[in-house]
Structures are given as C-alpha cells and as structure tokens.
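Heads up: the structure comes next, in structure tokens.
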Amino acid sequence: MDALCIQFINSEFRDFRGRWVRDELLQPGWLEQFLVTWGLQVETPPDAAVLAALVALRDLLKRMIESLADGGIADDDLAQFNAILLKITLQRSLVQDSGGYRLELATAKKDWDWVQAEIAASFAHMLIAHDPRRLKLCANDYCRGAFYDDTKSRTKRYCTAEKCANLMKARRFRARHKGDL
C-alpha cells in the first residue's frame, strides 16, 4: 500500500544490513520530489526549524506505529499528533462538477504547517480506514521501515521478502548451524 505517511516515515532510509543510515529529508532534492509527488508544493524552502519539525513528526509516527502493537497510542503522543492536525484552519466550499455537487475542504495557506497536517491526516486515515494492527515497522532492527501488512494472516514481519526477510532467515539458519561445521 502506497500512502503519503508511509513514504514520509520511510524517508529515514536504513541499509537492511546495518551498515548506514541516510536521512532523505536532509538530501538535496528528495523533499522537493516528495512534495511534488503528493501535490504538497509550498512557496518557501524548508529552514532548519521546519526540517527539525518534520524529523520530529516522523519520529512521532514511528512511535505511534510501535505502540499500536502494544495495544494503543499513548495519550502524550495522541495529544502531540492532534496538535499537528490543529495547526491549520480548513475552509469549506460547495463545488459543482459533472457529477453534481461536492463539499471541498481547503486550507487558508499552504505552508509547512499544512504539509505536516497533511502527512498526519494521511496517517489518521490509515488508522481509520484500515486495520491499525496491520501498520507495522520492519522486524529487522537495522531497517525499521514502515509497511502495511496486507497478508491474509496478518503475520508479515519484514518490509520486503527480497531483502529483510531473506537476510533474517539466513542469519537464523547460520545461528542454528554454527556448531555443525
């Protein structure tokens, strides 16, 4: 499942073998491409405070995913999350199109608070519209990438079968057979 919040959370890209970590938010061009992909263009480039707020949001979303496995989101994290959603004011307007009428929500200004609120809203939508227990972080401690477990059994533990799952399977095999040489 490709979602705004999942791509944002995975902006901290880790080598699945634990050799390095690359923060895509701090890489030239990545944030601009991310914003274009999701239709979230803003006029001003991010400054240090904005980047720090985006990193803090990413950390908050990861903590919330981890807490979902433990039964629920902590009150402090939920309050911090709601504060991000409340940073913007939405205005409603009635729009006519070929199919009739629809209610459209728009923000007064499209700034970095709006970007953060849209990322948070995407995460909230994942929790509301889908099974929150299926939103997981990779069990590979070196990776910790976010993913949505769409398997029937809900037992998927790794973000990718080709990398993390194979690596961890090979490590378990080697550990079991270490003394057999």
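Every number here is computed from the coordinates shown, using simple stated rules; none is lab data. Since the structure is predicted, the reported quantities are computational estimates derived from the model, not experimental observations. Here the Cβ positions follow ideal geometry from the backbone for every residue, glycine too, while neighbour counts run over all protein chains shown.
Please label the shape of the chain as rounded, prolate or oblate, based on the square roots a ≥ b ≥ c of the eigenvalues of the alpha-carbon gyration tensor (a/c under 1.5 means rounded; beyond that, a/b larger than b/c means prolate, else oblate). Before the final figure, lay out each step's value.
Values: a/c = 2.26, a/b = 1.79, b/c = 1.26.
Note, shape of the chain comes out prolate.
Rounded to the nearest 0.05, what FRET efficiency do residue 175 and residue 69 give with R0 = 30 Å and r taken as the Cβ-Cβ distance? Could you check?
FRET efficiency, residue 175 to residue 69: 0.80.
In which sequence would 25, 86 go, from the one with the fewest C-beta neighbours within 10 Å to the one with the most?
86, 25
By counting other Cβ atoms within 10 Å of each Cβ, how are 54, 105 ranked from fewest to most?
Working: 54 20, 105 8.
Fewest to most other Cβ atoms nearby, the residues stand as 105, 54.
How far, in nm, would the chain grow between residue 102 and residue 90 when pulled straight, counting 0.36 nm per residue and subtracting the alpha carbon separation? Don't skip to the answer; put the middle values down first.
On the way: separation 12, 0.36 × 12 = 4.32 nm, distance 1.56 nm.
Computed gain between residue 102 and residue 90 is 2.8 nm.
Using modelled amide H (1.01 Å from N, peptide plane; none on Pro or chain starts), what sits under 5 Å from the amide H of residue 135, excluding residues fewer than 5 places away?
Amide H to amide H, under 5 Å and 5 or more residues apart or across chains, residue 135 pairs with 149.
Would you please give the FRET efficiency between residue 59 and residue 157, computed as 1/(1 + (r/R0)^6) with r the Cβ-Cβ distance and R0 = 22 Å, to the nearest 0.05?
Details: r = 22 Å, r/R0 = 0.99.
Given R0 = 22 Å and the Cβ-Cβ separation, E is 0.50.
Any lysines with Cα under 29 Å of the residue 163 Cα? List them, leaving off those in the same chain fewer than 8 positions away.
Within the straight-line limit of under 29 Å, residue 163 reaches these lysines: 62, 136, 152, 178.
Using a cut-off of 21 Å between alpha-carbon atoms, which lysines can reach residue 109, once sequence neighbours fewer than 8 places away in the same chain are excluded?
Partners within reach: 87.
Between 110, 169, 87, which gets the highest mean-square fluctuation from a Gaussian network model of the chain, Cα cutoff 10 Å?
Of 110, 169, 87, the Gaussian network model singles out 169 as fluctuating most.
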